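Contents: one structure, followed by commentary.
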Amino acid sequence: MIYKTVELEDGCEFTGLFAGDKRLYGTKTYPNGATYTGFYVDDVREGVGIKQWADGTQVTVHYVKGIKRS
């Protein structure tokens with residue numbers, strides 16, 4: 001595993017743990033200042049994470065195979 005920051009194709013930045021080129025855990029920062037922090041399996045969101053908007057508002061979200069469930 002390695003900890004690094006990468007620029008993603010969608011203009012976002014991801015900082016966190018990687019196994020090879022696949023994300024495991026970290027924070028994705030969007031150009032508008034919003035963030036998502038959570039776990040990834042096979043490079044897609046999985047489990048519980050925290051979405052934070054630029055104004056500081058936070059919500060806990062749950063993903064299953066990259067699909068938001070709550």
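The values are calculated or read from the model by the stated rules, or taken from the named source; none is laboratory data. The shown structure was predicted, so the numbers you read here are calculated from the model rather than taken from an experiment. So basically every Cβ, Gly included, is an ideal-geometry build from the backbone, and we count neighbours across all protein chains shown. Heavy atoms of the whole protein, side chains included, go into the accessibility calculation; ligands, DNA and RNA do not. Shrake-Rupley method; radii C 1.70, N 1.55, O 1.52, S 1.80 Å.
Quote the relative contact order of the chain in percent (integer), defining contacts as alpha-carbon pairs under 8 Å separated by 6+ residues. Walk me through the numbers on the way to the answer.
Numbers: 154 pairs, mean separation 13.0, N = 70.
For the chain, the relative contact order is 19 percent.
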Table column - 3J(HN,Hα) (Hz), the range 12-26, Karplus curve with 6.51, -1.76, 1.60, x for Gly and Pro = 8, 10, 10, 10, x, 8, 10, 10, x, 9, 9, 6, 10, 7, x
Residue-wise HN-Hα coupling along the range 38-55, computed from phi with Karplus coefficients 6.51, -1.76, 1.60 (Hz; x: Gly, Pro) | x, 8, 9, 10, 6, 6, 10, 4, 8, x, 8, x, 10, 9, 10, 7, 4, 7
Amide H proximity to D43 below 5 Å, modelled H, separation 5+ or other chain, gives R23
Amide H to amide H, which residues 5 or more places from A34 or on other chains are under 5 Å from it, using H placed in the peptide plane?
-> A54
Hey, can you find the accessible area per residue of the chain for me, probe 1.4 Å, expressed in square angstrom?
-> 66
Normalized C-alpha radius of gyration of the chain, against 2.2 N^0.38 Å?
-> 1.05
Phi-based couplings in Hz for the range 57-70 (Karplus 6.51, -1.76, 1.60; Gly and Pro marked x) | 4, 10, 9, 8, 10, 10, 10, 10, 6, x, 9, 5, 9, 7
For the R69, L17 Cβ pair and Förster radius 25 Å, calculated FRET efficiency rounded to 0.05 is 0.60
The chain - charge dipole about Cα centre, Lys and Arg +1 at Cβ, Asp and Glu -1, debye rounded to 20 = 320
Count the net charge of all other residues whose Cβ sits under 9 Å from the Cβ of K65, scoring Lys and Arg as +1 and Asp and Glu as -1.
-> -1
Express the carbon and sulfur contribution to the solvent-accessible surface of the chain as a percent, rounded to the nearest whole number, probe 1.4 angstrom.
-> 54
Packing-based order for 5-12, 25-32, using average beta carbon neighbours within 10 Å, highest first = 25-32, 5-12
